[in-house]
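Inspection log for the structure reproduced underneath, given as C-alpha cells.
Each value in this text was obtained by applying a stated rule to the coordinates, not by laboratory testing. Since this is a predicted model, take the numbers as computed values, not measurements.
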Amino acid sequence: MNPYPLGLQLDGLRVLVVGGGAVATRRVPALLDAGADVVLVSPHITPALRAHVDAGRLTWRARRFEPADVDDVWLVHVAVNDPEAGRAISEATAARRIFTVRADDRHAATAWTPAVTRHGPVTVAVLAGGDPVRAVAVRDAIGERLSAGGLDTAGAEPRRGTVALVGSGPGDPELLTVRGRRLLSAADVVVVDRLAAGLLLDELRPEVELVDASKIPYGPSAAQEEINRVLVDRAKAGKFVVRLKGGDPYVFGRGGEEVLACAEAGVPVTVVPGVTSAIAVPSAAGIPVTHRGVAHEFTVVSGHLAPEHPESLVDWPALARLRGTVCVLMGLKNLPAIAAVLQAHGRAPETPVAVVQEGTTRDQRAVRATLATVAEAAKEAALRPPAVIVIGPVVDALNTPSDAPPPAAPHTPSDAPPPAAPHTPS
C-alpha cells in the first residue's frame, strides 16, 4: 500500500525512542529540533546521546523496554536491530493506536522515516516505497540541486526589501556555505568585494545587478559610505540584496558597519557566516592553528597598519609575550615591521613563520621561514596580497606542508586560462 505522507508537529509532545545505538544517534537530533519531549529507553547509549542527556535535552531510562513506556506517547521509534523486541514494542503501541517506526523491520512498521534534506525553511522528504537506498539517492539528487541553486525556492522565504551579508570564504568557491549559496542564487542585486570568491559571479542569473564595491571611488571612508547607501537604496526599492564578502563578514570585513547602516534605515539584515581565511588558509597549507602540546590558543590580528602607526589598536608587545599562534591578516606590506616588533618584545628569532598567498585557490603559494628571516624570504618569493601570516611552532607541527594549490574546480579545467580577478568580472 502507498503511504500517506504527513508532517508531524511534535513541539512539546512526548516521543519514545527505544535503543541507544547508531540509529538512535541519527534520529534523536531531528526529534529534538522539532521540539519533541524525547524519552530514550536503553541499557546503554552512545557518547553523542549521553551528551544530550547531560545537557538536559532528553530523558534516559537506563533499562530495557517495558510496555508502560508507551503511556502518554504520541510516536515511537524502534531503534534496535532485534525483531523479537520490535514485535513486543509494536504489540504495545498497536494496543494504544500509536504510530511506530521500526528500524529492524519496515514492513512491520506503521510509520516510515523519510530521507530528508533541509535548506533553510524548505524541508524535502522522500519516501520510495519503503526502500531507504532509493529514497536517499533521490534525496541527495534533490539536495545537490538545491545547494547549487538549481531549484528555485525564492517563494519559500520572504526576502524582498532585505539585505543578506554573505561570507564567501577564503577564495575557493566550494567553501561558500550551503545557506550562502542558496541566498546568492535568489539575489536581485549582488554587491561584491574584491576578495570575494570571484567564480561565484559566473553562476549568477543574467538579470542580477552586479555592483563592484572594489571600484567605488573617493577613498576607503567614502567608499564604505557609498556601499552602505547602495545596500539601503536597493533594498528600499524592493530588491533582495546580497553583500558578498571575502572570508567572514565580521572578521575585518566591516560587516558590523553595514548592519548598523541598514538598521538605522529600517532595512532587515541577515548575516551568513563565512569560512574565515585566518583558519582556512593555514589549514590549506598544512598548518593547524592549534595543536595538542604545541599551541592551545591563537590570536587573529589585522596588520594593515604598521605597529608604530598611532591608530593601530593591536598590542604588539602583548602578542610577543603569548605562547600561542598569531595569524596576521592584511599584513604583508608591514611584515618587516611586524617581525621586528615581535622580536624586540620577546618572540624568539627562530620562531617558525609561514606566509600563505591566496590560500585555497589555484594561485596558492607559501613561504616558510623564521621570524628573523621571513620578511626577506617573502620579498624574494615576490608574494602578493592577499596573504595570511602564521607565526608560531604550529607552522612545523605536522611537517607535511601542502603548499601546492588545490585541484581546479570542475568548471575551471587546468588547461583553461586563469579566471578574471574578482573585481574585474566579465
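Each residue of the range 158-275 gets 91 Å³ once the volume of the Cα convex hull is shared out per residue. Equivalent ellipsoid of the range 250-347: semi-axes from √(5λ) of the C-alpha gyration tensor, largest first, are 29, 19, 11 Å.
Treating each Cα of the range 351-394 as an identical point scatterer and summing with the Debye formula, the log10 of I(q)/I(0) at q = 0.19, 0.20, 0.27 Å⁻¹ comes to -0.50, -0.55, -0.92.
The angle between the Cα long axis of helix 83-95 and the longest principal axis of the Cα atoms of the chain comes to about 70 degrees, rounded to the nearest 10. Seen against the Cα atoms of the chain and their longest principal axis, helix 255-264 is set at about 70 degrees. State the Cα centre-to-centre distance between the range 252-286 and the range 87-138 in whole Å. Each part's Cα centre sits 40 Å from the other's. Computed over the chain, relative contact order equals 11 percent, with contacts defined as Cα pairs under 8 Å that lie 6+ residues apart.
Starting from the Cα-Cα distance between residue 174 and residue 59, subtract it from 0.36 nm times their residue separation and give me the gain in nm to one decimal. Present the calculation step by step, with values, prior to reporting the outcome.
On the way: separation 115, 0.36 × 115 = 41.40 nm, distance 3.94 nm.
37.5 nm is the gain from fully extending residue 174 to residue 59.
The candidate values are (i) 25.2; (ii) 26.2; (iii) 22.9; the one derived from this structure for Kirkwood radius over Cα pairs in Å carries the label (i). Average projection, convex hull of the Cα set of the range 278-396: 6.4 square nanometres. Distance distribution note for the range 1-160: the fraction of Cα pairs above 19 angstrom is 58%.
The lysine pair tally for the chain, using Cα distances under 25 Å and a gap of 8 or more places or different chains, is 7.
Only helices enter the 222 nm calculation for the chain: every DSSP H run of n ≥ 4 contributes -39,500 (n - 2.57), and dividing by all residues gives -8000 deg cm²/dmol, rounded to 500.
The Stokes-Einstein estimate for the range 1-55, based on a Kirkwood radius over Cα pairs and taken at 25 °C with 0.890 mPa s viscosity, is a diffusion coefficient of 203 µm²/s.
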